[in-house]
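Quick note: the coordinates plus some simple rules give every number you see, no bench work behind them. Predicted model only: the values in this text are computed from it and were never measured. Don't worry about glycine lacking a Cβ; one is built from the backbone with ideal geometry, like all the others, and counts go over all protein chains shown.
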2 protein chains.
Amino acid sequence: MTGDEAPIPKEVPPKSPDLSAWYNAICYKAELVSLAPVRGCIVLRPYGYGLWERLQSALDQRFKETGHENAYFPLLIPESLLTREAEHVEGFAPEVAWVTQGGNEPLTERLAIRPTSEVIVGTMYAQWVQSYRDLPILINQWVNVVRWEKRTRPFLRTLEFLWQEGHTAHATESEANEEVQRMLDVYVDVAENIAAVPVYKGEKSASERFAGANHTFSIEALMPDGRALQAGTSHALGQNFAKAYDIKFADENQAVQYAWTTSWGMSWRMLGALIMVHGDDRGLRIPPKMAPIEAVIVPIVKGGSDEATVAARELYATLKKAGLRVKLDERDLRPGNKFADWEMRGVPLRIELGANDIAQGVATVVRRDKLKGEEGAKSAVPLAELSSRCSELLIAIQANMFAQARTFLHSHTIEVSDRAEFYKLVRERAGMIDIPWCERGECEAHVKAETSATSRNLRPLDGAAVCVACGEPARVRAYFAQAY
Amino acid sequence: MTGDEAPIPKEVPPKSPDLSAWYNAICYKAELVSLAPVRGCIVLRPYGYGLWERLQSALDQRFKETGHENAYFPLLIPESLLTREAEHVEGFAPEVAWVTQGGNEPLTERLAIRPTSEVIVGTMYAQWVQSYRDLPILINQWVNVVRWEKRTRPFLRTLEFLWQEGHTAHATESEANEEVQRMLDVYVDVAENIAAVPVYKGEKSASERFAGANHTFSIEALMPDGRALQAGTSHALGQNFAKAYDIKFADENQAVQYAWTTSWGMSWRMLGALIMVHGDDRGLRIPPKMAPIEAVIVPIVKGGSDEATVAARELYATLKKAGLRVKLDERDLRPGNKFADWEMRGVPLRIELGANDIAQGVATVVRRDKLKGEEGAKSAVPLAELSSRCSELLIAIQANMFAQARTFLHSHTIEVSDRAEFYKLVRERAGMIDIPWCERGECEAHVKAETSATSRNLRPLDGAAVCVACGEPARVRAYFAQAY
């Protein structure tokens, strides 16, 4: 995939031959983003922000249902604080943007723009926690972060990005571990049931672990080009940050203990996964639960008659009142151009309203998830039934898009037991290559050097086996794939 | 008012003798904020963020109802872009935090952390607008900004703050002017009907105008110490930014014209106004529409019986189901301590449930907006009627708090026609001092030098008059006051 220095093509090329070219083009053409006049940054335009708002709302509701509250911690972190957790700073220092001047004065200490907020959150939790009664602390924040990346791509890798980061502190390790899994499951739920992107969940290998964590868990989606995409992570931080930032509490027996902390995050990267997984040669296909516009009404105005316009406006009012996110397209364009435009933007339902339709008391409803001419792609719906029929169709589209994506994931998940076959398949990006694995860093480094692939995530191994990649005893099952 | 270097008192002092000390103490004591380990920054804790979420939601709903969409523009602005609008850069350069290093590399060009986003938004609008068909552009963003302030106070003045900034571009001056007034009216609506803070709206004087604007309008609230607080601004930017950033369009006759732009913003400063206006010696008083918790249930558990606990849990479930933002306080504390705690946090309604109440089939409901012993402060409400009665009481509390604040504002708005009296009253912080004014910078500078007060905002003058401050012919009516 090209970086942001690549020119943006005027037209969107077909998706299958070159996913990268298609992705880059559709992100701009559908007005999800614009390139910003700052290296590696994007502007999230209203249609793209509409996707983000849907994702935010789905996550935020689930965070609150699981007992979390939102808060806001500062953007700027003094260098001396950042350097207290050794592994963490080693992991993040190369990516930090530094503020060295405030107004006209040089600063005595550099301030990091947060690449993530464990440091500042840990510092505050140390002040807020004295007793076991103060635990757990269950906080999330919706913020921007900056990581000084060399190469960038819309949504997938940008210098600045929007995300949420959850930070919790607990009295016991088991409670912290439960939290890590609970939030990983929230990510699975939102990825699959809202974004219609099927994922595999599991633990990351040591080399892919968050800097400063004992265990990192992820959800991994599979893109149409056979590359995996990590779409959310949840970290068991053990007592590492509690010790570095002094988060201590008196337990029920007045003994002083360090807290157990977790963190977990999902970013606008999830939107990149959604775009790649669902799009087709005609452009975006947005699953209804994520769609800023669920249905667009296109009046087919012919001659001087404004009959279609009047009917379309009435219909718009009716559907809006019924709670549908609906748009009425009255632009001075040919209907065919409007159809292509809204298909490109991935709106799940198109409602055409012409003189013939009106004469018969129906509207023509077209599903974006089906191919042209496919059964059920187009139907005439009596106007009186339109709002209930739209709701049914949106549910059907959501389910169909998830089923399509799941079929792709499953048909591209390949259990392999032969070493040569394994190396061949990961090199060819054949999908999620599933093997018994030794879990050794040397083995993973060798696979990476040979194929550019790494383990995506790990899960328990049933019974004894040898590592397909190297022949040593296997300890886990792992998905291997090249990754975004 | 003390800056953030001042020690935070352990107890909250009474409000009336020293508003500053009270304000500083209550912000921390009620766990709205914590001091961050970065000079001039605060952490917005969950209870404070809950206030912010209510304000956000009220504003966001109104922005969308008036046709605006949300988007996100980058945090970092290259220095060469920032300097293109001369007045704007002059106004903001002294307050800019500069990023000079990314990862391990020094940057070839410094990047400003946005103090506001006219520059980056204008740059993008220039790319997006070609034809009159592309106008208007009506965009808002919810973001953090950084201004390198010397002295800081929670909410009122902090290095980093959260706000929304709206940015619009229009084909005509009159359309842009309508937008400026429309959004000013949204601010009045939210301040008065959501935050229950009465305000005066009007135009700012030249010296108080936004850097780069032709006209700035504001809403101004009056604090109990007689100082005014600017709580929202709306700017008519004319074609200044369009010319500096090249926002041009072909009109219906194919003639190329510069667009007319506006911007408007409200920040978490509004929360500071709410705290000062409504609080009393017992702590915060939060108007129901802003309250993260509308009602708290306190079971009065006596002896070994858990009758009150069981009844309180049932009541909690009922009220929650009815859509109330309700909290059940089952902490191991004396009821009296809980009462004081929730009063301090400003929860509008307290519902006490003890054995006597239960025996009579009622709960004791206590209003936070009334004084202890005041008529209607406390009432016994039959359990079956509780959820509807709570809804009624919350409406009554919202109305009463607004009425109280409006009475204060009106009784401290003083029309003055005598020069000596004018100087005396503004010096004494007697309130909003309302005079016919000449609108001259020299006159305002003189008033400021003598009294620390400035004009808050201006409105048309009815008939002829002389300026009360200097005796020259008056051109407007103006409120003068010392300001936060």
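Of note:
- With label points set 7 Å from Cα along Cα→Cβ, the inter-copy distances at A:LYS150 are 4.5 nm, sorted shortest first.
- Charge tally in the Cβ shell below 14 Å around B:ARG269, where Lys, Arg are +1 and Asp, Glu are -1, B:ARG269 excluded: 0
- Across chain A the C-alpha pair distances fall into 20 Å bins from zero in the proportions 21, 49, 25, 4, 0 percent.
- Theoretical FRET efficiency, 1/(1+(r/R0)^6), r = Cβ-Cβ of B:THR108 and A:ASP246, R0 56 Å, to 0.05: 0.90
- Inter-copy label distances at A:GLU53, using a point 7 Å along Cα-to-Cβ, come to 1.8 nm with the shortest given first.
- Simple spin-label estimate for B:GLN181 and A:ARG406 in nanometres, 7 Å along Cα-Cβ: 5.7 nm
- With its label point put 7 Å out from Cα toward Cβ, B:LEU461 sits 8.9 nm from the same residue's point in the other copies, in order from shortest.
- The stretch B:271-321 - percent relative contact order, Cα under 8 Å, separation 6 or more: 19 percent
- Loop-resident GluC sites (Glu not before Pro) (DSSP state other than H, G, I, E or B) in the stretch A:398-451 with no more than 15 further Cβ atoms inside 10 Å of their Cβ: A:GLU428.
- Within the stretch B:154-297, the ratio Rg/Rh, alpha carbon atoms throughout and Rh by Kirkwood, equals 1.08.
- Net charge contributed by nearby residues that have their C-beta within less than 11 Å of A:HIS235 (K/R +1, D/E -1): -2
- Put the Cα centre of the stretch B:62-122 next to the Cα centre of the stretch A:322-362 and the gap is 39 Å.
- Summary value for chain B: 13 percent relative contact order, contacts being C-alpha pairs under 8 angstrom separated by 6+ residues.
- Shown here are the Rg and Dmax of the Cα trace of the stretch B:2-131, at 20.0, 61 Å.
- Calculated from the alpha-carbon coordinates, the stretch B:258-381 shows an Rg and a Dmax of 18.2, 77 Å respectively.
- Computed E for A:GLU314/B:ALA340 - FRET, C-beta separation, R0 56 angstrom, nearest 0.05: 0.45
- Total formal charge among the other residues, if their Cβ is under 14 angstrom from that of A:GLY122, Lys/Arg +1 and Asp/Glu -1: -1
- Helical segments meeting 24 Å axial Cα length and Kyte-Doolittle -1.0 threshold in chain B (DSSP H): B:173-193, B:386-411
- Listed by chain and number, the lysines whose alpha-carbon sits under 22 Å from that of B:LYS302, ignoring those within fewer than 8 places in the same chain, are B:LYS327, B:LYS338, B:LYS378.
- Directionally averaged shadow of the stretch B:413-481, computed from the convex hull of its alpha-carbon atoms, nm²: 3.8 nm²
- Loop-located GluC sites (Glu not before Pro) across the stretch A:207-259 with a Cβ neighbour count of 16 or fewer within 10 Å are A:GLU252, with loop assigned by DSSP.
- Look at the alpha carbon pairs under 8 Å that are at least 6 residues apart: their mean separation over the length of the stretch B:413-481 gives a relative contact order of 40 percent.
- Projecting label points 7 angstrom from Cα along Cα→Cβ for B:ASP462 and B:VAL256 puts them 5.0 nm apart.
- Gyration tensor verdict on the stretch B:19-278 (Cα atoms; rounded if a/c is under 1.5, prolate if a/b is larger than b/c, oblate otherwise): oblate
- Reference-scaled alpha-carbon Rg (2.2 N^0.38 Å with N residues) for the protein assembly as shown: 1.00
- Cα gyration tensor category, rounded, prolate or oblate, for the stretch A:100-218 with a/c compared to 1.5: oblate
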